[in-house]
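One structure is given below, encoded as structure tokens.
The values are calculated or read from the model by the stated rules, or taken from the named source; none is laboratory data. This structure is a prediction, so every number in the text was calculated from the model and none was measured. Here the Cβ positions follow ideal geometry from the backbone for every residue, glycine too, while neighbour counts run over all protein chains shown.
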Amino acid sequence: MSRNLPWLLAAALLLPTLLPAATAEEYYQAALTLYKQKDYEQAFKYYEAAAQVDPKHWKAYQSMGHCRFRQDRKGEALYYYEKSLALNPDNTALKQIADSLIASGVTAPAPPAPPTATAAPSVNAPADLDRPRRGFGLRVGLNWVKPAGQDGIDVQSGSGYEGGAFYWMELRRRIFFQPEFLVSFQTHEWSATREVRIPYPGGTVSTADSWRATVDSLLVETPLLIRFLAASETPRIHFFAGAVPGVLLSRRQKGRMETVVSDVPDFGPILEAKTSASLDADLKPDSNVFTASATGGLQIEIARFLLDVRYARGLIPVDKEGDAVMSVLSATAGYSF
């Protein structure tokens, strides 16, 4: 798996070359956010790009008029309002606005010159251009951990928590690189039993041992993710994959061991003795300090709020002498600034 990971990342970087150009609706949605941010000139360019891709997009012409109206260029606003009404004459609300402008003495200028190649965003521009090209954020949530590959042991996943910061930057259209810094507290429980029977003339001596313990681990991880924007409409949907190198800070085991010794004679009463002892051990000396896993998941974005669900599978055994690796499912909520 670890040998294939670089090829997976390279494939993700080449994926943008196979994607179609931005649609009129994607430009329109980008312009809406810019308009809400009161960046009317930039919003106008994206509305104009939407109209270039779809000349019958009457909403784009209407919004171009709104931009010019906000910039106190009412003659141009009237021109675009009339252009929108020519495509959608049933828009009574817009017709009232246009009539009020005419009544106040505003006249539409001559049609502007067709936009040059640089007047509007390139059709190869990202569909997500309504957002900054880079940013950072915070996320916090829960994780569920379960070791895989421990034979003869009953393992139960435990609920831990994690949180940290992330940075993201746009690489290509719809493709983002997202490094993260996370502190992860992971916990799980395990139990095991063993019984030994030793026959002797006239009976059997049975020794039954049982263990139950909780293992708590604290790690610092730096996920390196490639994120792909699959749906630009709200809510935005992202898929991501990547590698997760990390460092184990602590790993401790606490629990109890119980031993029951039974003397079962062929005839007569059964004699039984119970003993118990606490388990408290530092497992870090026997653990691999450096960790690595492969991860993938789904991110849902509404405005700047994020919901992230991911699964990670360990690539390095937990113990120096052993084959068990960690499987981690996490769900976090975050905010991107």
Number of the condition not met by VAL183 [criteria: (1) touching a residue at least 40 places away in the same chain (Cβ under 8 Å); (2) under 18 Å from the mean Cα position of the chain (by Cα)]: (1)
For the range 272-307, give me each residue that is of a type in the set (A, V, I, L, M, F, W, C) and over 23 Å from the mean Cα position of the chain (by Cα). ALA273, ALA277, LEU279, ALA281, LEU283, VAL289, PHE290
If you take the residues in the range 236-266 that are under 27 Å from SER191 (Cα atoms) and of a type in the set (D, E, K, R), which one is modelled with the lowest pLDDT? ASP263
Checking ALA60 against (1) of a type in the set (A, V, I, L, M); (2) under 24 Å from GLN96 (Cα atoms); (3) out of contact with any Phe, Trp or Tyr (no Cβ under 6 Å at 6 or more places or on another chain), only one condition comes out false. Which one? (3)
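If the requirement is being surrounded by fewer than 16 Cβ atoms within 10 Å (Cβ to Cβ) and assigned to a helix (DSSP H, G or I), which of these qualifies: PRO285, PRO199? Before you say what the answer is, go through the steps one by one.
On the way: PRO199 fails: assigned to a helix (DSSP H, G or I).
It is PRO285.
Every residue, every condition in (1) free of Cβ contacts under 8 Å to residues at least 24 places away in the same chain; (2) over 18 Å from GLU301 (Cα atoms); (3) assigned to a loop (DSSP other than H, G, I, E, B); (4) not assigned by TED's automatic domain parsing to the domain that holds VAL328, yes or no:
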residue	(1), (2), (3), (4)
SER159	no, yes, no, no
TYR167	no, no, no, no
THR193	yes, yes, no, no
ARG227	no, no, no, no
ALA241	no, no, no, no
VAL260	no, yes, no, no
ASP263	no, yes, no, no
Members of the range 73-111 that are assigned to a loop (DSSP other than H, G, I, E, B) and farther than 14 Å from SER63 by Cα: PRO89, ASP90, SER104, GLY105, VAL106, THR107, ALA108, PRO109, ALA110, PRO111
Could you tell me whether the range 57-72 includes any residue that is within 19 Å of GLU26 (Cα to Cα), in a loop (DSSP other than H, G, I, E, B) and not basic (Lys, Arg)? yes
